[in-house]
Amino acid sequence: MAVCSRVPRDYDLYAERAKQGKEGQVAIVRVEQLAPFPFDLVCREIRRYPNAQLLWCQEEPMNMGAYLHVQPRFDTCLREEGRPMMGRMPYAGRPPSAATATGFGQVHAREQAQLINDALNVQYAYP
């Protein structure tokens, strides 16, 4: 299950999932509200996909988006659902950066393609 906040280009994620024929293999769940964190709704989605392994996907660099905020909250939801945790929640997105954008269109496009590919093809390990 790829989980994301409202990614400005999340339609790319849906389109690529369809292109790869993975609609039945990869669920995409958006967390629209980060504070206060919707524990009840996230736990409900985790129950909806009992065998799913989770991954957080975001366009922002790792140190600027919601990943560091939601990761421990997902741990709480998984613990509430009695699911084991195996380290940190996998992440698909740009690496940590001092700037919000690369400043180069080609680099941005390459990073965008990579994060979509990672979100749909990464080998999950959580939980």
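The values are calculated or read from the model by the stated rules, or taken from the named source; none is laboratory data. Everything numeric in this text was worked out from a predicted model, so none of it was measured. Backbone-built Cβ (ideal geometry, glycine too); neighbour counts: all protein chains shown.
Among Met62, Met85, which is free of Cβ contacts under 8 Å to residues at least 60 places away in the same chain, farther than 18 Å from Ser5 by Cα and touching a helix residue (DSSP H, G or I) at 6+ places or on another chain (Cβ under 8 Å)?
Matching residue, one of Met62, Met85: Met85.
Just to be sure I understand the filter: pairs with C-beta atoms under 9 Å, separated by 6 or more residues or on different chains, first member in segment 17-40 and under 19 Å from Thr76 (Cβ atoms), second member in a loop (DSSP other than H, G, I, E, B) and among the aromatic types (Phe, Trp, Tyr). Which pairs pass?
Cβ pairs passing all conditions: Val29/Tyr49; Val31/Phe37.
Considering segment 101-127 alone, what residues qualify as being at pLDDT 85 or above and of a type in the set (Val, Ile, Thr)?
Thr102, Val107, Ile116
If a residue has to be small (Gly, Ala, Ser) and touching a helix residue (DSSP H, G or I) at 6+ places or on another chain (Cβ under 9 Å) to count, how many in segment 16-46 make the cut? So that I can check it myself, show each step before the final result.
Quick first cut of segment 16-46, residues small (Gly, Ala, Ser) only: 18, 21, 24, 27, 35.
Narrowing the set further to residues that are touching a helix residue (DSSP H, G or I) at 6+ places or on another chain (Cβ under 9 Å) leaves 27, 35.
Within segment 16-46, residues that are small (Gly, Ala, Ser) and touching a helix residue (DSSP H, G or I) at 6+ places or on another chain (Cβ under 9 Å) number 2.
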